[in-house]
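Structure record follows, encoded as structure tokens.
The values are calculated or read from the model by the stated rules, or taken from the named source; none is laboratory data. If you're wondering where the values come from, they're calculated on a predicted model, not measured in any experiment. Cβ placement follows ideal geometry from the backbone for every residue including glycine, while neighbour counts extend to all protein chains displayed.
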Amino acid sequence: MEKRGVITIDGPAGAGKSTVGRLLARNLGYLYIDSGSFYRAVAWQARRSGMDLKDLKALSAFLQGFQPRVTSDGQGFHLVINDREIKEELRQPWVSRAASEVAALPEVRRWVKERLRQLAQNGGVVTEGRDQGTVVFPDALCKFYLTADLATRARRRLQDYQKDGDPPPLEEVMKELAARDRQDETRNEAPLRVPEDAEVIDTTSLSIDEVVTECLARVRELLD
């Protein structure tokens, strides 16, 4: 497979984007990009700085000087801020909520889009998020949209929370995801939607291996 393009994976939280994206990139020898980590990093660093996100002048100045270092390997996508990898900090529930809020800000979305396009300028990337195939890479070689029913997505997210101990009740996680879905789907700036030319995969009753296999078959079909 000589051709190396951009592969996008979009969808709501808990649909399996991160796991599938990481494994798909590993199989193809591509760079894996988790676009959501950039929004999480902005939210996390802005909170640490005590910034008022409604102050657009301060926000613009902050983004100009915010240059996290990016690495990607078989274990996933990594962001390094001030010479320290920020990983578990970005998975905290409050960061997820704050990330959805900052993702609605045009200034932040422009900043993230620029970072993503720089990383993908030579192709050979699998990038996942909520607007990768619609806004960031509308001309991507191959697009996927992963989805699953709310209960399944909540159980998957609950497993992530359990790794940190003291997880919230399943019902609370379902409400949180439903609220996140509404916010992402109705925001004015780059709302979550299915790219017109994307292959939609419902992962509710599929294993990760089954989803990856289906994605690989589609990508190889396009690359041959």
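Considering region 92-130 alone, what residues qualify as being free of Cβ contacts under 8 Å to residues at least 24 places away in the same chain and farther than 22 Å from G76 by Cα?
Across region 92-130, the qualifying residue is only R110.
Test each condition in (1) loosely packed, with under 14 Cβ neighbours inside 10 Å; (2) in contact with a helix residue (DSSP H, G or I) (Cβ under 8 Å, 6 or more places away or on another chain); (3) modelled with pLDDT of 90 or more; (4) not charged (D, E, K, R) for I9 and report the one that comes out false.
Every listed condition holds for I9 apart from (1).
When region 4-45 is examined, which residues are found to be part of a helix (DSSP H, G or I), in contact with a Leu (Cβ under 6 Å, 6 or more places away or on another chain) and among the aliphatic types (A, V, I, L, M)?
Answer for region 4-45, where residues must be part of a helix (DSSP H, G or I), in contact with a Leu (Cβ under 6 Å, 6 or more places away or on another chain) and among the aliphatic types (A, V, I, L, M): just A41.
Select from region 166-180 the residues that are surrounded by fewer than 17 Cβ atoms within 10 Å (Cβ to Cβ) and either of a type in the set (D, E, K, R) or without any contact (Cβ under 8 Å) to a residue 60 or more places away in the chain (or both) and list them in ascending order. Step through it out loud before you land on a result.
So in region 166-180, the residues surrounded by fewer than 17 Cβ atoms within 10 Å (Cβ to Cβ) come out as 166-172, 175, 178-179.
Passing the criteria: D166, P167, P169, L170, E171, E172, K175, A178, A179.
With crowded, with 20+ Cβ neighbours inside 10 Å, over 21 Å from T134 (Cβ atoms) and under 21 Å from the mean Cα position of the chain (by Cα) as the only criterion, which of A43, A15 stands out? Full working, then the answer.
Numbers: A15 fails: over 21 Å from T134 (Cβ atoms).
Being crowded, with 20+ Cβ neighbours inside 10 Å, over 21 Å from T134 (Cβ atoms) and under 21 Å from the mean Cα position of the chain (by Cα) holds for just one of A43, A15, which is A43.
Does Q64 meet the test of being touching a Phe, Trp or Tyr at 6+ places or on another chain (Cβ under 7 Å) and not in a loop (DSSP other than H, G, I, E, B)? Lay out the reasoning, then the answer.
Details: touching a Phe, Trp or Tyr at 6+ places or on another chain (Cβ under 7 Å): no; not in a loop (DSSP other than H, G, I, E, B): yes.
Judged against the criteria, Q64 is not a match.
Any residue that is at pLDDT 95 or above and out of contact with any strand residue (DSSP E or B) (no Cβ under 8 Å at 6 or more places or on another chain) - is there at least one of those in region 182-196? I'd like the intermediate steps shown before the answer.
Just the residues of region 182-196 that are at pLDDT 95 or above, to begin with: 193-195.
Now restrict to residues that are out of contact with any strand residue (DSSP E or B) (no Cβ under 8 Å at 6 or more places or on another chain): 193.
The answer is yes, given that some residue of region 182-196 is at pLDDT 95 or above and out of contact with any strand residue (DSSP E or B) (no Cβ under 8 Å at 6 or more places or on another chain).
Of everything in region 71-99 that's in a strand (DSSP E or B) and in contact with a Ser or Thr (Cβ under 9 Å, 6 or more places away or on another chain), which residue is surrounded by the most Cβ atoms within 10 Å (Cβ to Cβ)?
Residues of region 71-99 in a strand (DSSP E or B): 71-73, 76-81, 84-86.
Still in the list and also in contact with a Ser or Thr (Cβ under 9 Å, 6 or more places away or on another chain): 76-80, 85-86.
Numbers: G76: 17, F77: 23, H78: 16, L79: 20, V80: 14, E85: 13, I86: 19.
Across region 71-99, the extreme among qualifying residues is F77.
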